[in-house]
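Below you'll find the structure, written out as structure tokens, and then a few comments.
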Amino acid sequence: MNDRPSAVELVAAARRHLEKEVLPVVAEPRLRFQTLVAANALLMVERELALAESQLEAEWERLNALEETSAAMPPGFEARQQAIAARRRALCERIRRGELDEGAAQRALLQYLRQTVEDKLRVANPRFLARASGEKTG
């Protein structure tokens with residue numbers, strides 16, 4: 001792991017440069033829009049970098065709850081991502097087979113899905129998530 005600046009700090013610096021230095025002088029509408037899109041993409045990357053580890057851990061625990069297991073997370077970020085992807089594929093198969101269509105299993109699935117989508121929105125569009133939950137946005 002590198003010292004400062006961190007990946008989050010580097011991405012934030014690039015985004016701030018676009019927002020503070022480039023956007024104010026861009027008059028051409030298409031280029032201005034593309035610059036706004038780039039700045040927003042960098043903001044999403046900032047959030048993803050900041051939240052990735054905790055979101056992986058939270059999803060692992062949600063999958064454990066859904067599967068009624070206490071499986072341990074593998075060490076290492078890449079291994080964790082791969083293991084969660086494999087567990088998601090297995091979950092999709094269970095859904096296709098109708099194993100989670102009723103009762104407590106269905107409620108557990110819906111809770112898992114809701115929390116997982118909320119985590120994704122915390123990265124992709126936290127203002128939408130705040131509006132959907134009735135919070136005030138700035």
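Brief remarks follow.
Yes/no per residue for (1) modelled with pLDDT under 95; (2) of a type in the set (D, E, K, R):
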position	(1), (2)
77	yes, no
94	no, yes
109	no, no
112	no, no
126	yes, no
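- From the options 43, 66, residue that is surrounded by 15 or more Cβ atoms within 10 Å (Cβ to Cβ) and in contact with a Leu (Cβ under 7 Å, 6 or more places away or on another chain): 66
- The set of residues in the stretch 20-65 being in contact with a helix residue (DSSP H, G or I) (Cβ under 6 Å, 6 or more places away or on another chain) and free of Cβ contacts under 8 Å to residues at least 12 places away in the same chain consists of 26 alone.
- Lone unmet requirement of (1) surrounded by 13 or more Cβ atoms within 10 Å (Cβ to Cβ); (2) not in a helix (DSSP H, G or I) for residue 8: (2)
- Residue identified as within 30 Å of residue 39 (Cβ to Cβ) and in contact with a Leu (Cβ under 6 Å, 6 or more places away or on another chain) among 100, 129: 129
- The residue list 82, 115 contains one member that is in contact (Cβ under 8 Å) with a residue 24 or more places away in the chain, part of a helix (DSSP H, G or I) and of a type in the set (S, T, N, Q), which is 115.
The values are calculated or read from the model by the stated rules, or taken from the named source; none is laboratory data. Source: prediction; values computed, not measured. No Cβ is skipped: glycine too gets one built from the backbone with ideal geometry, and neighbour counts run over all protein chains shown.
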